[in-house]
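Peer 1: Have a look at this one.
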Amino acid sequence: MKFDETRDFPYYRNNPRISKKGWIVLLLSIPFSYIIYSIISLGSEFIGSLAFCLLLLIPLLYYSNWDYSLLFQKPTKNEIILAFLMFLGYMAYSTVVGIILDGTGTGGSGLANSFTIHLESIVSLVFSMMGEELLKFIPLMFFMRLFYKYTNNRNLSIAISSVIILTCFGLLHYEPPYSTLISVLALQGLGSMFELYGYIRTKNLLVPYISHLLTDALVFILIFSGIA
């Protein structure tokens, strides 16, 4: 499949430049949005998810001079296909890894049980999944900027930053007794490589977003149909 090879990651080469103050605000928006989501979602999952998304997106757009094209592009046919393939790839990966984890007794207490705490409606998924992609995107760009500044090596910066983001994203899902450390690092952490690859390949946040939305929507449907 062919993609637009003229696109590049934003920010890491000062393209555009974000000041130190800007990076501090963006990084602080991550725990702040997470705390606000945790509080508001106790009363309304929809409003909590909307706030979570906007508290990350608005500062990012502000420091991008409201140039949304740095983040989003209208998905092409090939990008939509890639998003769907990454969704299928993750489902196959998570199924195999889930079986292995269950077999070794490190799989937690079940997918459905973990969702009883953060039960989402299909509508709230639209916002919460974009929030989660921004939750990965902002530190990914920060670390790329940091490592590229000192190494001047684009590929090395991508690799190191990706490992950090996948690890941290996995740890965010650690909720004993519903999950184990190994399970979140394998499923939510390493498993996010499919969405991350979608972004790295296209430089379009809508690609991993579509893949992530499909994954969680399917899980949601399986739970409420009683299959999961």
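Peer 1: Being under 13 Å from the mean Cα position of the chain (by Cα) and either on the phi > 0 side of the Ramachandran plot or open to solvent by 10 Å² or more (accessible area, probe 1.4 Å) (or both) is the filter here, so list the residues in the range 200-211 that pass it.
Peer 2: Once the filter is applied, which keeps residues that are under 13 Å from the mean Cα position of the chain (by Cα) and either on the phi > 0 side of the Ramachandran plot or open to solvent by 10 Å² or more (accessible area, probe 1.4 Å) (or both), the range 200-211 yields Ile200, Leu206, Tyr209, Ile210.
Peer 1: Further question on the same structure: If you check every pair at least six apart or on different chains, which have Cβ atoms under 8 Å apart with a residue in the range 34-63 that is open to solvent by 30 Å² or more (accessible area, probe 1.4 Å) and in a helix (DSSP H, G or I) first and a residue that is among the charged types (D, E, K, R) and at pLDDT below 95 second?
Peer 2: Glu45/Glu120
Peer 1: Considering only residues that are in contact (Cβ under 8 Å) with a residue 60 or more places away in the chain, within 18 Å of Leu205 (Cα to Cα) and open to solvent by 30 Å² or more (accessible area, probe 1.4 Å), which ones fall in the range 6-26?
Peer 2: Result: Arg7, Asp8.
Peer 1: Can I ask one more? Taking interchain pairs and intrachain pairs at least six residues apart, which have beta carbon atoms under 6 angstrom, with the first residue in the range 133-153 and open to solvent by 20 Å² or more (accessible area, probe 1.4 Å) and the second polar (S, T, N, Q) and modelled with pLDDT of 95 or more?
Peer 2: From residues that are open to solvent by 20 Å² or more (accessible area, probe 1.4 Å), the pairs are Phe143/Ser161; Phe147/Ser157; Tyr148/Ser157.
Peer 1: Return the total of residues in the range 210-228 being in contact with a helix residue (DSSP H, G or I) (Cβ under 7 Å, 6 or more places away or on another chain) and part of a loop (DSSP other than H, G, I, E, B).
Peer 2: Qualifying residue count, the range 210-228: 1.
Peer 1: Would you be able to say whether some residue in the range 76-84 is part of a loop (DSSP other than H, G, I, E, B), at positive phi and either surrounded by fewer than 17 Cβ atoms within 10 Å (Cβ to Cβ) or of a type in the set (Lys, Arg) (or both)?
Peer 2: No, the conditions are met nowhere in the range 76-84.
The rows are residues; the columns are (1) more than 25 Å from Phe194 (Cβ to Cβ); (2) not hydroxyl-bearing (Ser, Thr, Tyr).
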site	(1), (2)
Tyr11	no, no
Leu28	yes, yes
Ile35	yes, yes
Ser38	yes, no
Cys53	no, yes
Leu71	no, yes
Leu85	no, yes
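Peer 1: Can you run down the residue pairs with Cβ atoms below 9 Å, 6 or more apart or on separate chains, where the first is in the range 157-186 and without any contact (Cβ under 8 Å) to a residue 24 or more places away in the chain and on the phi > 0 side of the Ramachandran plot and the partner is small (Gly, Ala, Ser) and open to solvent by 50 Å² or more (accessible area, probe 1.4 Å)?
Peer 2: Going by the 9 Å Cβ cut-off, there are no qualifying pairs.
Peer 1: Taking the conditions exactly as written (assigned to a helix (DSSP H, G or I), of a type outside the set (D, E, K, R) and surrounded by 14 or more Cβ atoms within 10 Å (Cβ to Cβ)), does Ala92 satisfy them or not? So that I can check it myself, show each step before the final result.
Peer 2: Values: assigned to a helix (DSSP H, G or I): yes; of a type outside the set (D, E, K, R): yes; surrounded by 14 or more Cβ atoms within 10 Å (Cβ to Cβ): no.
In short, no.
Peer 1: So Ile158 passes all but one of these: (1) over 13 Å from the mean Cα position of the chain (by Cα); (2) hydrophobic (A, V, I, L, M, F, W, C); (3) open to solvent by 30 Å² or more (accessible area, probe 1.4 Å). Which condition number does it fail?
Peer 2: Checking Ile158 against (1) over 13 Å from the mean Cα position of the chain (by Cα); (2) hydrophobic (A, V, I, L, M, F, W, C); (3) open to solvent by 30 Å² or more (accessible area, probe 1.4 Å), the one that fails is (3).
The values are calculated or read from the model by the stated rules, or taken from the named source; none is laboratory data. Keep in mind the model is a prediction, meaning the values are calculated, not measured. A quick note on method: Cβ atoms are made from the backbone with ideal geometry, for glycine too, and the neighbour counts reach across all protein chains shown. Quick note on the areas: whole protein, heavy atoms, side chains included, nothing else; ligands and nucleic acids left out. Shrake-Rupley method; radii C 1.70, N 1.55, O 1.52, S 1.80 Å.
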